[in-house]
Amino acid sequence: NNFGTGYSRNVGIANSNGKYIFFMDPDDTMNNRLLLDNVKIIDEKNADIVVFGFNTINDQGTILDSKRYTINQSKLNGYSVPKYFEELYRQLVFNTLWHKIIRKSFIVDNNVTSPLWSNSQDRGLLLKLALHNPNIVFNFDDIAYYNYVLMRTGASTANFKKNLIDIGFNSASCVEDIVNKFGIVKTRKLAYEVYVRNIYGYAGMVNVLRGNGPNSFHQKVKYINQIYNDNVFIKNAFSGVTSRN
């Protein structure tokens, strides 16, 4: 009880008997063809991960955003982490678990376990999987297979998390491991996504404005300044090669 999502997922994986793993968040909904269509794709392609489209909705069911993968992204199919890591990262492939089905043997054979962070365990697990260069394929059907409820009342993401900056840096460290292992050229765009958007934007600005966060303006600024004073952020946030585009 109360060991957290990461620990619970590790127990679930260890005790599962199926060929594939699918993680669903509480209170979200899914299209009744999610498993049928996507298990067919991952099976036919002999893939390790299949990624599919989804909607982000509010708790009244209104669609706030939609994400689909198109045939234009077919170049990303296959063992593409070393070549297309930045593009995969920007396409939200390493953000959340619920719009993917994963081959269980790939998790177990590579001894990958979910980190026990109090937040962002999805990203941690996916980045740890990426370190082993999974065969990732996409479902290009124009279907929202999953409906993610954003900031629902009582959700763990609805309130301020004091240690979210530390978790952001843990996540960034996982990215650096991948970049170093495969000799990936780190562009400024990737540095921006990992450090500015994720740590400063999400763990910093978004987090500090949530419920139960610091009350005064001074306290909010002090929280944000933790990021600017961090040597890892200073070194990496505005580093990288300027990409052609």
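The values are calculated or read from the model by the stated rules, or taken from the named source; none is laboratory data. As the structure is a prediction and not an experimental result, all values here were calculated from the model. No Cβ is skipped: glycine too gets one built from the backbone with ideal geometry, and neighbour counts run over all protein chains shown. Accessible surface areas use protein heavy atoms only, side chains included; no ligands, DNA or RNA. Shrake-Rupley method; radii C 1.70, N 1.55, O 1.52, S 1.80 Å.
Structure summary
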quantity: Matching residues in segment 219-242 - criterion: being in a helix (DSSP H, G or I) and exposed (fewer than 13 other Cβ atoms within 10 Å of the Cβ); calculated: 219, 221, 222, 225, 228, 231, 235
quantity: Condition met for residue 177 (without any contact (Cβ under 8 Å) to a residue 12 or more places away in the chain, in contact with a helix residue (DSSP H, G or I) (Cβ under 9 Å, 6 or more places away or on another chain) and either open to solvent by 50 Å² or more (accessible area, probe 1.4 Å) or assigned to a helix (DSSP H, G or I) (or both)); calculated: no
quantity: Any strands (runs of 3 or more DSSP E) falling wholly within segment 37-152 and containing at least 3 residues that are open to solvent by 40 Å² or more (accessible area, probe 1.4 Å) and under 29 Å from residue 164 (Cβ atoms); calculated: 63-67
quantity: Sole residue being of a type in the set (A, V, I, L, M, F, W, C) and more than 19 Å from the chain's Cα centre (by Cα), chosen from 23, 3, 54, 85; calculated: 3
quantity: Conditions (1) part of a loop (DSSP other than H, G, I, E, B); (2) modelled with pLDDT of 95 or more; number of the one not met by residue 245; calculated: (2)
quantity: Residues located in segment 208-235, provided they are of a type in the set (S, T, N, Q) and in contact with a strand residue (DSSP E or B) (Cβ under 9 Å, 6 or more places away or on another chain); calculated: 212
quantity: Matching residues in segment 1-36 - criterion: being assigned to a helix (DSSP H, G or I) and not hydroxyl-bearing (Ser, Thr, Tyr); calculated: 6, 9, 10, 11, 12, 13, 14, 15, 34, 35, 36
quantity: Counted residues, segment 193-218 - those being within 16 Å of residue 88 (Cβ to Cβ) and open to solvent by 40 Å² or more (accessible area, probe 1.4 Å); calculated: 1
